[in-house]
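**Student:** The structure under discussion is supplied below as structure tokens; questions concerning it will follow.
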Amino acid sequence: MCDLTVDNATEPTKEMGKLTRILLTITLAVVAAGLPAGLFAAPCARADEMEITTKSSREIAAGSPNFFTGEVRVDPLAPASHHTNTSAGLVTFSAGARSAWHTHPAGQTLIVTEGTGWVQEDGGKKIEIKPGDVIWTPPGVKHWHGATTSSPMSHIALTENVDGKNVDWMEKVSDEQYQQ
């Protein structure tokens, strides 16, 4: 396993490399949410040289109307690759927009970055989420997430591929379910 810890670090600093700052920020958010700090531990990936994907080289896409209601933008940050099975994306929901019901074969972590949203497990209560909140959804748990009726919301979604798949989409969240 890779050791991504930073001795005595409690917040990212400019002296740290960008990847170290990102990993530390995620780790601190995961620990604050009560999840194990080793949640993102993975075998070390080795490459001959560093790979940099510039923002301008990634295509921002509209969320598919098959899987989302309302205006949704998906900015792929880090796709799964030969280096890692984990992918990350920044998903932005306009007010009133939401995902369809879905599950993830390896679970999902959401890190809310802006706005106010809702998340709900099937059969559970709708819960308000705000910037800095970290949501862990275990593998196979049916759920949805999106913006509130009055505020847009953005989150970073971290998922892992299992047999080349990171999500199983289901039916759309009805207006009645969304308003409850």
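Read-outs throughout are calculated quantities, based only on the coordinates presented, and are distinct from any laboratory measurement. Because the structure is a prediction, the values reported are computed rather than measured. For neighbour counting, all protein chains shown are included, and Cβ atoms are generated from backbone atoms with ideal geometry for every residue, glycine included.
**Student:** Any chance you could list P(r) for the stretch 75-156, counting all Cα-Cα pairs in 5 angstrom bins from zero, rounded to whole %?
**Tutor:** Reading upward from the zero bin: 3, 15, 24, 27, 18, 8, 3, 1, 0.
**Student:** Hey, what do the phi angles of the stretch 54-65 turn into as Karplus ³J(HN,Hα) couplings, whole Hz, using 6.51/-1.76/1.60 and θ = phi - 60°, x for Gly and Pro?
**Tutor:** 6, 4, 5, 8, 9, 8, 7, 10, 6, x, 4, x
**Student:** Name the residue from GLY124, SER151, ALA100 whose Cα lies farthest towards the positive end of the charge dipole of the stretch 95-180, charges +1 on Cβ of Lys and Arg and -1 on Cβ of Asp and Glu.
**Tutor:** It is SER151, whose Cα lies furthest towards the positive end.
**Student:** How many nm separate the modelled label positions at HIS82 and ILE127, each set 7 Å beyond the Cα in the direction of the Cβ?
**Tutor:** 4.0 nm
**Student:** Now for a different question. Averaging over all projection directions, find the projected area of the Cα convex hull of the stretch 44-180 and quote it in nm² with one decimal place.
**Tutor:** Across all orientations, the stretch 44-180 yields a mean hull projection of 8.8 nm².
**Student:** Using the Cα centre of the stretch 69-180 as the reference point, and only Cβ charges (+1 on K/R, -1 on D/E), how large is the resulting charge dipole? Debye, rounded to the nearest 20.
**Tutor:** 80 debye
**Student:** Still on this structure: What's the FRET efficiency of SER174 with GLU114 using the Cβ-Cβ distance as r and R₀ = 30 Å, to the nearest 0.05?
**Tutor:** E(calc), rounded to 0.05, equals 0.70.
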